[in-house]
Amino acid sequence: MGESGTGKEKIAQTVHKLSPRKNKPLVTVNCAALPLTLIESELFGHEKGSFTGANEKRIGKFEQADGGSIFLDEIGELTLEAQVKLLRVLQEKEIERLGGNYTKKINVRIITAHQPKPGKRSI
């Protein structure tokens with residue numbers, strides 16, 4: 001947790017580089033920058049035809065990070081709906097693409113960061 005510019009992403013990079021996962025991908029996601037309509041597709045991917053404009057299958061950020069690490073910056077900005085899907089990833093270690101009809105097991109280290117709200121004291 002820390003203010004913008006305090007090096008949260010650098011710490012995530014260091015954790016990744018010093019781990020046995022260092023030769024696998026580190027995928028960084030700024031959750032605050034994801035449009036509400038695209039959060040699920042960006043994080044979990046989608047199948048061709050799952051919504052208007054989904055002309056091809058897309059691999060989500062979690063699947064891209066499989067075997068490595070994913071850094072979710074500004075995690076507190078995720079919608080409750082996205083948080084429920086994230087909980088499934090944490091508990092079951094699996095994802096389901098938007099429009100998909102099967103789950104895929106993944107092995108990923110999840111690193112998160114949060115920026116405290118102005119005027120609020122954080123522990």
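The values are calculated or read from the model by the stated rules, or taken from the named source; none is laboratory data. Since this is a predicted model, take the numbers as computed values, not measurements. Counting neighbours? That spans all protein chains shown, and the Cβs are built from the backbone with ideal geometry, glycine included. With ligands, DNA and RNA removed, areas are computed over all heavy atoms of the protein, side chains included. Shrake-Rupley method; radii C 1.70, N 1.55, O 1.52, S 1.80 Å.
Per-structure values
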read-out	value
Residue count, region 43-74 (criterion: open to solvent by less than 40 Å² (accessible area, probe 1.4 Å), under 13 Å from the mean Cα position of the chain (by Cα) and at negative phi)	12
Candidates GLU81, GLU77, GLU40 - the one that is open to solvent by 60 Å² or more (accessible area, probe 1.4 Å), acidic (Asp, Glu), in contact with an Asp or Glu (Cβ under 9 Å, 6 or more places away or on another chain) and within 29 Å of GLY5 (Cα to Cα)	GLU81
Residue count, region 53-62 (criterion: among the charged types (D, E, K, R) and at pLDDT 95 or above)	1
Spans of helices (runs of 4 or more DSSP H) in region 1-89 with at least 1 residues farther than 19 Å from ALA113 by Cβ and either of a type in the set (Asp, Glu) or in contact with a strand residue (DSSP E or B) (Cβ under 9 Å, 6 or more places away or on another chain) (or both)	39-44, 61-64
Breaking point among (1) free of Cβ contacts under 8 Å to residues at least 24 places away in the same chain; (2) over 17 Å from LEU98 (Cβ atoms), for GLU56	(2)
